Amino acid sequence: MFVYQRLKDVREDADKKQEDIASVLQITRQQYQLYESGKREMPMHHFASLAKYYNVSLDYLAGLIDTPRKLR
């Protein structure tokens, strides 16, 4: 699975809009949309922020594993 698809799936599973996640990352919705569509690579510090926000491991967000693992 591609990273951008996992980002979208996790966001939708949490019933959040792109605007909500952009606010968490302190970026614009348009910038987040570029990450989620795969048109721009997301910096690692944003991945770390999203892992904490969603309480899932980075390897899950990256699509390396298919079963989410909680951070705590």
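Each value in this text was obtained by applying a stated rule to the coordinates, not by laboratory testing. It should be emphasised that the depicted structure is a prediction, and the values quoted were computed from it without experimental measurement. Ideal geometry is used to build each Cβ from the backbone, glycine not excepted, and the neighbour counts take in all protein chains shown.
Taking the Cα atoms of the range 3-60, report the difference between the largest and smallest coordinate on each principal axis, in whole Å and largest first.
Ordered largest first, the range 3-60 gives principal extents of 25, 22, 20 Å.
Suppose the chain between Tyr53 and Gln30 were pulled fully straight at 0.36 nm per residue; how much longer would it get relative to their current alpha carbon spacing?
Full extension of this stretch gives 6.3 nm more.
With θ set to phi - 60° and the Karplus curve 6.51 cos²θ - 1.76 cosθ + 1.60, what are the ³J(HN,Hα) couplings of the range 32-45 in order, to the nearest whole Hz, using x for Gly and Pro?
Running phi through 6.51 cos²θ - 1.76 cosθ + 1.60 with θ = phi - 60° gives 5, 4, 5, 5, 5, 8, x, 7, 8, 7, 8, x, 4, 5 Hz.
Normalised by the residues of the chain, what does the relative contact order come to in percent, with Cα pairs under 8 Å and at least six apart?
31 percent
Step through the residues of the range 50-60 one at a time and calculate ³J(HN,Hα) from phi using the Karplus curve (6.51 cos²θ - 1.76 cosθ + 1.60, θ = phi - 60°), rounding each to whole Hz and writing x for Gly and Pro.
6, 4, 5, 4, 7, 6, 10, 6, 5, 5, 5
Could you go through the range 9-22 in sequence order and give the Karplus-derived ³J(HN,Hα) for each residue, using 6.51 cos²θ - 1.76 cosθ + 1.60 with θ = phi - 60°, rounded to whole Hz, and x for Gly and Pro?
4, 5, 4, 5, 4, 8, 6, 10, 9, 4, 4, 4, 6, 4
Could you give the dipole magnitude of the chain about its Cα centre, charging the beta-carbon of Lys and Arg +1 and that of Asp and Glu -1, in debye to the nearest 20?
160 debye
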